[in-house]
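Here's the structure we're looking at; comments come further down.
Values quoted throughout were computed directly from the atomic coordinates according to the rules given, and no laboratory measurement underlies them. This structure is a prediction, so every number in the text was calculated from the model and none was measured. Using ideal geometry, Cβ is built from the backbone for each residue, glycine included, and neighbour counts are taken over all protein chains shown.
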């Protein structure tokens with residue numbers, strides 16, 4: 001399978017970097033490696049520009065992330081990596097689980113039955 005360059009590593013940011021973090025890293029790398037400078041590197045400069053072009057655009061970044069995190073080669077070299085789209089703890093806390101819904105439904109049904117049976121039992125003595 002084809003190897004994909006990791007644009008996050010090229011810019012020196014994390015996979016969860018915000019747009020501002022990416023922009024700062026890009027500007028810093030461009031100043032360091034510009035081909036007109038004494039220690040400039042034209043090849044790396046092109047890679048940095050390419051990485052920034054992809055990561056600055058939300059749609060391109062999402063497509064790139066999907067491709068990067070599904071690559072077998074990437075997962076073999078980074079076994080502890082978790083796809084960012086699968087790590088949304090806020091959604092897991094807010095969303096009730098099916099078993100919790102079932103338990104609350106069972107409790108409500110039990111209270112209704114106790115109310116009906118209790119009313120029937122106490123009204124039986126009055127007749």
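Worth a mention:
- Segment residue 31-residue 57, extension gain: residue separation times 0.36 nm, minus the distance between their alpha carbons: 7.2 nm
- Note on residue 109 and residue 66: their simple-model spin labels are 4.1 nm apart, each label 7 Å out from Cα toward Cβ.
- Full extension of the chain between residue 20 and residue 123 gives 30.0 nm of extra length, using 0.36 nm per residue less the Cα-Cα distance.
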